Amino acid sequence: MPLAEQPDRVAIGHAACRSSRRSPEGRNRSKYIKKQGVPAARPLVKLRNLPCARAFLPDISLEPRLAVEAWLRRRAGRRRAAQSIVAVDPKQFAIGLPTNRQHVARGVRRFLGESVRVSIVLFVGVSGPSIVLAQNAPSVRLTLKHAIELALTNNVGVLMARSDVDEAAGTRVRRRATLLPHTTVDALVNRQNRNLAAVGLSIPNVPTVVGPYSFMDFRVSASQAVIDREAYHEWKASTNAEASTRLTYQDVRDLVIRQVAGLYLASQSAAAEVEAADERVTTSRSLEQLARDQRDQSLATGVDVLRAQVQLERDRHNALVARNAYQTSLLALARFLGLDLAQSLELAEPLAFETVTTVPVEDMLHGALAARADYQALVAERSALEEQREASHARVLPKVSIAGDYGRLGSNFGELPGIGEIQATVALNLFDRDRVGAEAEADARLQRLIEQMADIARGIEQELRTAALDLESAEQQVQVAEAAVELATRELALAEDRFRNGVTDNIEVIAAQDALAETRDERIAALARHADARAALARARGLTERTFLGPGGEP
């Protein structure tokens, strides 16, 4: 929060300052300094223009920085305030302070010197937190490729899609495990007794409870599915589902790249607008000076000067608006990239024209369907649904499995004979109404997916044709806008020359300025449309990541 919005957070009194002006020492600074015995050694700062120094720096005999810290430590001790050592620029110390405290800050600034940075202690309020005044962090130069890499690393949509891929991979491993052998090892040591009466045995002259007795069993068991078509198709369905999830993940990456490119392009356009606005301000300032010179030479009137001043103020206003729009666009870009919003950004790549070689839409369509991740994800999902339907059909087929075990069983370790078994099992599902419902669900989902694929294929073709038309039109618009800027520049030069020679007033100059500004804005818009059309064509062809990150991008 700016310091000007926190008037209650800086507790520097000025009553002592007023009393210092009434004191003899305050009226005669040089005598006071000599009286206090300032060391002859060169201090850290020069004691000049010190209207309020003694008011809050009673230890003037100390070195200036130490005097500031000593006084503030005593002050902080009395008020029990939080304190923090910070670096302060003396030139900026008084900026934003409340009106009734700025004269105190000016005294501090004069005392500290105009070109020296020192460490001081600021206590804030009576018991509030400390305020840190520091230089802004250096700006970060951001290329489009770097911005895309940051977004792919930090964007929550990409991270969630990546977790879906991991989940689908785990599901595939589980489905495949049903087709692999299952092996277990058991070790049992048992000691027990039995209540014969509990199981209905009552034998004369035989105790009701027999035992205790012990036995041990160490055994290895294994089982293997020999024929299980349902498990096989479930595994194939999970494999295709994983492929579909990976393609969806790639599609999310492509969408994020497209969004980053759009935000970066918006910032590039805003930066170009700022540059154009600054150029208009420079031109208007020179033309305003020309109008003044012409008036001084009786070649123009005061109306011409006022007209030039109005144009200058309009251009300055437009420059402020453009600069604010540029900073806002950088904030939106930083937010999407997951960066610290307080970090200053600087675009490393200006808005520029890049020629693109296009091919007919009919030639691009087949390759686009094969390269578009969203369409191929549906193709893989369709294969998964077909496998699930086959798995439902296979529920009526017999399942064959084998199982066996081998181990040693006995009452003590010295006598553990080996025993085991092996068995084959055939299972047949005779009545299963759930299978019918599962097949109906799979058929409905498959039909819905086929219709969705057809719609997306038509959408891809529309995107291709639209992007091709936009790219061709934007390229022509850039050429026309460049020619218009050149003509408007010549018009302004001629109008300025006519005004300088006293042929006419500066109405023609103002009109030429407006025409040049309009053509420059049209050129910026044309360049932005061309860049956006290039990104749209890359997206329509399924080459988004390869276009912006190169062949080394993550598949």
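Computed from the coordinates by the stated procedures, all read-outs in this text should not be read as laboratory data. All figures in this text were calculated on a predicted structure; none of them were measured in a lab. Cβ placement follows ideal geometry from the backbone for every residue including glycine, while neighbour counts extend to all protein chains displayed.
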Quantify how much of the Cα-Cα distance distribution of the stretch 242-349 extends past 16 Å, in percent. 69 percent
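Cβ neighbours within 10 Å, averaged per peptide: list 468-475, 348-355, 401-408 in order, most packed at the top. Could the numbers behind the result be given before it?
Numbers: 468-475: 17.0, 348-355: 12.2, 401-408: 15.2.
In descending order of packing, they fall as 468-475, 401-408, 348-355.
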If amide H atoms are modeled at 1.01 Å from N in the peptide plane, then the residues at a separation of 5 or more from L347, or on another chain, having amide H under 5 Å from its own are L142
Assertion target for M216, M364, ordered by fewest C-beta neighbours within 10 angstrom first, is M216, M364
